[in-house]
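One structure is given here, and the rest of the page talks about it.
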Amino acid sequence: MAEILIANSDNIQIAANSLKNGELVSFPTETVYGLGANATDDDAVKRIFEAKKRPDFNPLIVHVSDWDMVEKYAQTNNRAKALAKHFWPGPLSIILPRKQNSELSTYVSGGLDTVALRQPEHIVAKSLLKCFGLPIAAPSANLSGSLSPTTPYHVQQSLDDKVDIILAGGKCSIGLESTIIDMTGDKAVVLRAGFILPETIADLLNEDVEIAYENVEVDKPHSPGQLLRHYAPNTPLRLKAVDITKDEILLAFGSTKFMSAEGKGGVPEERILNLSPSGDLLEAASNLFSMLHELDSKGYSRIAVMDIPKIGIGIAINDRLSRASNAQKEIGD
Ligand code: TXA
Ligand code: MG
């Protein structure tokens, strides 16, 4: 059973000691809750893969306290440094080549010679990194293939007996995983959509940025995680719904005035969760995983999802929803 501790400074110290002992600590970030281990300890990192039932070829994101920590473990370049300077601490993971003889566990890289790094902004994540003093490997704290956690309760539901400490720090403000950018080559490549948009990165770097999260070909994944079943609730999803049938529950966005249920007018309140009644995409992103978790537990045979505009963070919301609805068709893990 996990020990659930409120994230005050005494408990952050306890969690840092637990990491030093090779244990697993779940902690909040501004995106989602992470499942953390000492990134320089092979055995601790291996425990993450076991706990999540994650395939060992799928690499982890390493969380750092500052750019100096990056320089210690990875080969850096000026463009990557400019991104970190502008967007860190924040929801951007940067992939760089590992330094030769890097002290990071090779398991964090899943067999690749690169590593994904991120300095999180959440006060608890920052304090834990500072207290621990070493990089923390942390994927999202859920079983591989299922929904990412945005509250301590989600972590407990998914990994209770597999994590030593859960630092409880409320609901994650962004609610979607970080944008991932590969900076190992001449061209910057965005591997996962998130809060930070490709065009914002392109503006900052003053260069074209490639987008590699749409239409991923099975024989050419850019990121080992791209082909895995991801972000999926157990209940199937039906996207772009304009009505609901008798065995469906609705995940709404904006006004539901023109929605119908079983061919009749009006969807009953108890069969709706609304990501954002006012149509605010940021609010919708922060509610997406928690509402999917909740709808999943209600026993309906399908979740009907209203259309969400593909602009700004709406692109990342649509990315997660389409992966979830395609889950049965994709390669599972
Ligand atoms: O917001 C986030 O990024 C959260 C919080 C906890 O920081 N973490 C997270 O980690 O979402 P995870 O493990 O659930 O997703 C990491 C993704 C995977 O799809 C993995 O394949 C990819 O990052 N990745 C990690 N290292 C990589 C590398 N060296 N090359 C390519 N892809 C990599
Ligand atoms: Mg994940």
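Taken together, the values in this text are just the output of simple stated rules run on the coordinates, not laboratory data. Source: prediction; values computed, not measured. Here Cβ is always computed from backbone atoms with ideal geometry, including for glycine, and neighbour counts include all displayed protein chains.
Excluding Ser255 itself, what net charge comes from residues whose Cβ is under 15 Å from its Cβ, given Lys and Arg +1 and Asp and Glu -1? Provide the component values of the computation, followed by the final result.
Details: positive: Lys257; negative: Asp243, Glu269, Asp280, Glu283, Asp307.
With Lys, Arg at +1 and Asp, Glu at -1, the neighbours total -4.
Which order do Tyr153, Tyr107 fall in if you start with the one that has the fewest other Cβ atoms within 10 Å?
Values: Tyr153 16, Tyr107 22.
Ordered by Cβ neighbours within 10 Å, fewest first: Tyr153, Tyr107.
Kindly write out, for segment 179-189 in residue order, the coupling ³J(HN,Hα) from the Karplus curve 6.51 cos²θ - 1.76 cosθ + 1.60 (θ = phi - 60°), rounded to whole Hz, with x marking Gly and Pro.
5, 10, 10, 8, 10, 7, x, 5, 9, 6, 10
Quick one: order Thr235, Thr29 by neighbouring beta-carbon count within 10 Å, fewest to most.
On the way: Thr235 18, Thr29 29.
Fewest to most other Cβ atoms nearby, the residues stand as Thr235, Thr29.
Among residues other than Val64 whose Cβ falls under 12 Å from its Cβ, what is the net charge (Lys/Arg +1, Asp/Glu -1)?
+1
What lysines does Lys81 reach when the alpha-carbon gap must be under 22 Å and sequence neighbours fewer than 8 apart in one chain are set aside?
Lys72, Lys99, Lys126, Lys130, Lys187
What residues from segment 160-202 fall in the zone where the backbone N is under 19 Å from a label point 7 Å along the Cα-to-C-beta line of Ala82?
Within reach of a label on Ala82: 180-191, 196-202.
Could you pull out the longest piece of the chain with no exposed loop GluC sites (Glu not before Pro) in it, calling a site exposed if DSSP puts it outside H, G, I, E, B and it has at most 16 other Cβ atoms within 10 Å? Walk me through the numbers before you get to the answer.
Details: sites that count: Glu103, Glu207, Glu214, Glu217, Glu262.
With a cap of 16 other Cβ atoms within 10 Å, the longest stretch comes to 104-206.
In segment 136-177, which residues have a backbone nitrogen under 20 Å from the label point lying 7 Å from Thr200's Cα in the Cα-to-Cβ direction?
Of the residues in segment 136-177, 172-177 have backbone N under 20 Å from the label point off Thr200.
Would you kindly derive the ³J(HN,Hα) couplings of segment 298-308 from the backbone phi angles with the Karplus curve 6.51 cos²θ - 1.76 cosθ + 1.60 (θ = phi - 60°), listing them in order in whole Hz, with x for Gly and Pro?
Using θ = phi - 60°, the values come out as 8, x, 7, 8, 8, 9, 8, 10, 6, 5, 10 Hz.
Just to verify a number: FRET efficiency for Glu210 and Lys298, C-beta to C-beta distance, R0 = 35 Å, to 0.05?
Numbers: r = 40 Å, r/R0 = 1.14.
Step by step, r from the Cβ atoms, then E = 0.30.
Residues with amide H under 5 Å of Leu147's amide H, sequence separation 5 or more or different chain, H placed in the peptide plane at 1.01 Å from N; which?
Distant-sequence amide H within range of Leu147: Ala232.
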